[in-house]
1. Between Phe112, Phe137, Phe183, where does the largest GNM mean-square fluctuation fall for the chain, given springs only between Cα atoms within less than 10 Å?
2. According to a simple spin-label model (label point 7 Å from Cα along Cα-to-Cβ), what is the distance in nm between Asn34 and Ile138?
3. Within the set of other residues whose C-beta is less than 12 Å from the C-beta of Arg38, count the net charge using Lys and Arg as +1 and Asp and Glu as -1.
4. Taking θ = phi - 60°, what integer Hz values does the Karplus form 6.51 cos²θ - 1.76 cosθ + 1.60 yield along the range 154-162, in sequence order, with x for Gly and Pro?
5. Counting only other residues whose beta carbon sits under 11 Å from that of Arg61, what net charge do I get with K and R as +1, D and E as -1?
6. Residue by residue, what Karplus-based ³J(HN,Hα) values in Hz, rounded to whole numbers, does the range 112-119 have, using 6.51, -1.76 and 1.60 with θ = phi - 60° and x for Gly and Pro?
7. Report the GluC sites (Glu not before Pro) located in the range 1-107 that are in a DSSP loop and have at most 15 other Cβ atoms inside 10 Å of their Cβ, or state none.
8. Between Asn43 and Thr5, what FRET efficiency follows from the Cβ-Cβ distance if R0 is 22 Å, with the result rounded to 0.05?
Amino acid sequence: AGVETGFELTEVSGSISSIDATKFTGAGNVIWLNSMDRGFTLNSIIANTGGSAALAGINNRNLNIDLVEVTGAPAIDFDSSAGIISNVKLIGQGSGNGIINHHGRSSQSMIFENLELENYSVGVDLHADQADLCAPFIIRDSHILSSSAISAENYSARIEKTTLSGQSEISDSSQVEYIDVIFEPSSQISLWNGAKATQ
């Protein structure tokens, strides 16, 4: 409490673990990561979102993050980033975005494994520009419960062994693969402007 921003890290190696930011109410991020490559790990984070996403960053090539629990929106917001984020629990309060991932990297995917996400307006928000070349966003072994579970614009995705409750709204050049996905009765896939989905 009383701190406006948390960790701001650029091109560092090493590790940070066991962060408790449950009293955080600042305007900034709990953790901001910029241009992180191999050699840095982040694990065991519990946080409340303040005025910005709890976990966020840009231009990261090889994120390695494990054990994340965030309450509030937006919970996670990355731009031009790739890597693996595993064992994640995101708890919304009925509005906002759980995960925002924009303008992915061309050769490496952003991967979420064992994601539990619930009670957001949009669970996973993916966006890229028409000219961007983005490796697919990947979700594995997860459970997503939101009004709109997946929103993808010009950004392809692969969803594996996951339960979805909520709409999938896919537009433009997005191609989404659903592999061994369980769709709850409230789920529906909507396609616009040439988008494709396969099951």
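Just so you know, all these numbers are worked out from the coordinates, no wet-lab data involved. Note that the coordinates shown come from a computational prediction; the quantities given were computed from them, not determined experimentally. Every residue, glycine among them, receives a Cβ derived from its backbone with ideal geometry; neighbour counts consider all protein chains shown.
1. Maximum fluctuation in the GNM of the chain, among the listed residues, is at Phe183.
2. So the label points at Ile138 and Asn34 sit 2.9 nm apart.
3. Values: positive: Arg61; negative: Glu11, Asp37.
Summing Lys and Arg as +1 and Asp and Glu as -1 gives -1.
4. 6, 9, 7, 8, 10, 10, 10, 6, 10
5. Values: positive: Arg38, Arg105; negative: Glu11, Asp37.
That works out to 0.
6. 10, 10, 6, 9, 10, 10, 8, 6
7. Glu4, Glu11
8. Values: r = 21 Å, r/R0 = 0.94.
The pair Asn43/Thr5 has a calculated efficiency of 0.60.
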